[in-house]
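The values are calculated or read from the model by the stated rules, or taken from the named source; none is laboratory data. Bear in mind the structure is a predicted one, so any value in this text is a computation, not a measurement. Positions of Cβ are backbone-derived with ideal geometry, glycine not excepted, and every protein chain shown enters the neighbour counts. Accessible surface areas use protein heavy atoms only, side chains included; no ligands, DNA or RNA. Shrake-Rupley method; radii C 1.70, N 1.55, O 1.52, S 1.80 Å.
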Amino acid sequence: MPLITYRKALNDALAEELLRDENVVLLGEEVAEYNGAYKVTEGLWARFGSKRVVDTPISEAGFVGMAVGASMLGLRPVVELMFWSFSFVTFDQIINNAGCVRYMSGGQIACPIVIRGPANGGTNVGATHSHTPENFLANTPGLKVVCPATAYDAKGLMKAAIRDNDPVMFMENTLLYGEQWEVPEEEYLIPIGVADVKRAGTDISLIAHGRAVLTCLKAAEILQAQHGIHAEVVDLRSIRPLDEETLLASVRKTHRAVLVEENKPFCGVDAQIASLIQEKAFDELDAPIQRISALDAPAIYSPPLEKIQLPTPDRVVQKALSIC
Amino acid sequence: MEQSALGRGGDSPVVGSGNNGQECHPFSLANQEGTLTARGGVRDGSCYKGFRGVGFQNDYLCLLCGKICLEFPPNLENLNAMMETRSFADAEINRCLTAEEKIQFLRQMFRIRRFEQTSLKAYNAGKMGGFLHLYTGQESVAVATISLLGPNDHVITAYRDHGHALVCGMEMGECMAEFFGKATGCSKGKGGSMHLFAPDKRYWGGHGIVAGQTPLGLGIAYALKYKGIRGCCLCYLGDGAVNQGVFHESLNLASLMSLPVIYIIENNGYSMGTSLARSSAFKQMLAQRAEGYNIPWDHANGENIYEMRAKTHAAIERAHEESRPTVLEIATYRYYGHSVADANARKYRTPEEIEHYKTYHDPLRLWQKRLVDEGLLTEEQAAAIDHEARAEAEAASRFADESPFPTEADIFADVYSEVDHPVGEGPHGTHFFN
Ligand SMILES: Cc1ncc(C[n+]2csc(CCOP(=O)(O)OP(=O)(O)O)c2C)c(N)n1
Ligand SMILES: [Mg+2]
């Protein structure tokens, strides 16, 4: 299997879907002529032209709303937010319009839109550019939220997201854009709502999403090499819908869980996961559920400090050891 | 400047000689016969459009537009010069109207009014929850503007949506049942009065967030253009909504991308209890803000169905032929409070002001009179149309009353498409968390 970057995987997914369905249109700031702020859409404008790949002015509320309206009439817009941090100026369009129109119309109106872009800290761009709003968005029934951790998942999930009939919030990570993974050449889709056991183990479940999955994989290696502990790493991939079965099955097997996310702790995604586990697998637990999140302050700029603000393999290892 | 394409100068005419920056912009007369009839220049120190306060001891209602006039009596010579000399009744788009079509406009207005009166009764009887934003007084706007729509033209509006919904062809029963929160409502009781939808009739709601619908209307226009369909979207908003940022983003995008969207500002003088004077820094036409985006704009008198039709028609032509947007401001007035729950409905404006509009500017009565004057209808026939509308509204109310509420299980339907319509192995993962 060829090794390709997370960025290329997304680019391929977009190109394949543009080719497959003429209702797919990419919109966003700098997505066309500039080839994307993070080059995810590189070459697509040259290949597909100005009708399919459209530059917008800096008007997130305006163009996200416009895409929502266009999707109501059957287009499948894929809207890039240069950063998910900028979603806050268009929250009304996302939550009230994309998130509620199907319900409020009694199911008469569909909103098959994808909103995508990076949602991560760790790049020393300060608090305003480092938000991870997956928890906010997953709080809205009607929206779907996915956070792929690898190139393989990014591609398969993007293709599924574009074909989905509901609005999908697609959260990428600038730190992963240049990383490589094996990705098959033949077409595949990854259904939204299916988690992935990225590493099998028997002693403890490390449950994560997004880049935290990679942190957990590193921690699992250390746990095995230095402590003889076989950790299982569960990648949620999709936050909403959520693959409860896979994560509960893992806890039933290992009887211990550490939940890891780059989100902030208060009402973070893992608060929901912890609640689920205690409710549905309480008797399976041999130890209290542990959580590791970003340190609970706005993202700090200072490069060495931001590194430790986000979950590190070492913190995961220490937490795991505390309950093993 | 694009504005000149409308046959109007960019400088709107000014009534009187302002000494405090407040200017009056005459809407054309409801009465097109060329005579000026004084319609209550009430000298009570307050202005019907909310211009009041220091330096406004001498406010008078403009005979033409219902806005502040700084000189009384107005200089008739000036007014005559400024008046629209064209009679909108003679506009091509109005000359081709049949008697039955004209009567249908009256019928539509009666239907809206009686529907709302019935809903108000039901509201007061505790049949529904939340808000109820009555359109009473503004009916002519939806009736006139929507009357021009063809098979590829679409409508979207804000929460004051009952009139638009009915004119677009929704049934009173499904709307009333929606108000009552019943399973037979157009949205199965999930939207409520602010969120009526009928996409099959190209009516896209009903939106509760002020100006939240303005980029959606843009998107509908975008999709039409993308698909190569010759159509447009009428997107309605209020005089308060023009102050939302997203509306301005939408205007810029509409012009930049050359989209067939028509923003219709229903200027009823108030956003809740805030008058125009207290909400807009720009004291001239709200629609004139369009100039900043290189969008043609125009204004019309909401009492004059012919004028609204003529101007909406011009905007639709522009959308269809050139794929260009328009902003059209329509002067209108609401009789009731912001919503039925608006306890202050008579505090931010005088009861006399409301009475004045009801007496002299009621679009329904004006149109009825016009039809009688034109010899198309007798008073008795009008009364019969009114009677039918009442009966229809009463039947809708009974239908709503007798309909069942949704079930608890219905709460979870219509959230996710794949849950409602599973395909293949069905949906993956948990969608609901309780
Ligand atoms: C974003 C937002 N802010 C405030 C409100 C509360 N609100 C509802 S209607 C309204 C007044 C809007 O007035 P206008 O646009 O003139 O429309 P009208 O009610 O006169 O039809 C306000 C403040 C809201 N629904 N949404
Ligand atoms: Mg208003």
Net length gained if the chain between B:Leu256 and B:Lys227 were fully extended (0.36 nm per residue, minus Cα distance)
8.6 nm
Considering the Cα trace of the range A:196-323, what is its radius of gyration and what is Dmax, both in angstroms?
13.7, 43
Which whole-number percent is the relative contact order of the range A:3-182 (Cα, under 8 Å, 6+ apart)?
27 percent
FRET efficiency for B:Thr378 and B:Ile411, using Cβ-Cβ distance with R0 set to 41 Å, rounded to 0.05:
0.20
What is the helix-to-structure angle for A:151-163, meaning the angle in degrees between its Cα long axis and the longest Cα principal axis of chain A, kept from 0 to 90 and rounded to the nearest 10?
50 degrees
Here, A:Glu185 and A:Asp21, labelled 7 Å along Cα→Cβ, have an inter-label distance in nm of 2.6 nm
Candidate lysines for bridging to B:Lys127, where Cα separation is under 17 Å - those fewer than 8 sequence places away on the same chain excluded:
B:Lys182, B:Lys188, B:Lys190
How far apart, in nm, are two points set 7 Å out from the Cα along the Cα-to-Cβ line at A:Phe266 and at A:Glu42?
4.0 nm
Based on the alpha-carbon gyration tensor of the range B:299-373 and its eigenvalue square roots a ≥ b ≥ c, which shape applies: rounded if a/c is under 1.5, prolate if not and a/b is larger than b/c, or oblate?
oblate
List the residues of the range A:62-88 whose accessible area drops by at least 40 Å² when all protein chains are present, compared with their chain alone, using a 1.4 Å probe and counting only protein heavy atoms.
A:Gly62, A:Met66, A:Met72, A:Leu73, A:Leu75
Can you tell me the 0 to 90 degree angle between the C-alpha axis of helix A:60-72 and the longest principal axis of chain A, rounded to 10?
80 degrees
Any chance you could get the radius of gyration and Dmax over the Cα atoms of the range A:3-182, in Å?
14.9, 45
Note to self: Kirkwood Rh of the range B:88-402, Cα pairs, one decimal, Å, is 19.6 Å
So, for the Cα atoms of the range B:86-142, Rg and Dmax in Å stand at 16.0, 49
If you count only protein heavy atoms with a 1.4 Å probe, what accessible area per residue comes out for the range B:169-212, rounded to a whole Å²?
25 Å²
Find the Cα radius of gyration of chain A, compare it with 2.2 N^0.38 Å by division, and give the number to two decimals.
0.98
Result for chain A: accessible area per residue, probe 1.4 angstrom, in square angstrom, of 35 Å²
Chain A: longest stretch without exposed chymotrypsin sites (Phe, Trp or Tyr not before Pro) (DSSP loop, at most 14 other Cβ within 10 Å), sites themselves excluded?
A:35-187
Hey, any idea what % of the protein assembly as shown's accessible area is carbon plus sulfur with a 1.4 Å probe?
52 percent
Accessible area that becomes buried as B packs against A, both chains, 1.4 Å probe, Å², nearest 100
4100 Å²
As an exercise, use a Förster radius of 45 Å and the Cβ-Cβ distance of B:Phe282 and B:Glu322 to find the FRET efficiency, rounded to the nearest 0.05.
0.95
If Rh is defined by the Kirkwood formula over all Cα pairs and Rg also comes from Cα, what ratio Rg/Rh do you get for the protein assembly as shown?
1.05
Measuring from centroid to centroid over Cα atoms, what is the spacing of the range A:177-196 and the range B:367-410 in Å?
58 Å
Hand me the chymotrypsin sites (Phe, Trp or Tyr not before Pro) from the range B:262-295 located in a DSSP loop with no more than 14 other Cβ atoms within 10 Å, in residue order please.
B:Phe282
Note on the range A:236-277: C-alpha Rg/Rh, Kirkwood Rh, two decimals, gives 0.94
Grab the beta carbon distance between B:Arg365 and B:Glu402, set R0 = 51 Å, and tell me the FRET efficiency rounded to 0.05.
0.90
Taking the 0 to 90 degree range and rounding to the nearest ten, how far is the long axis of helix A:212-227 tilted relative to the main principal axis of chain A, both from C-alpha atoms?
20 degrees
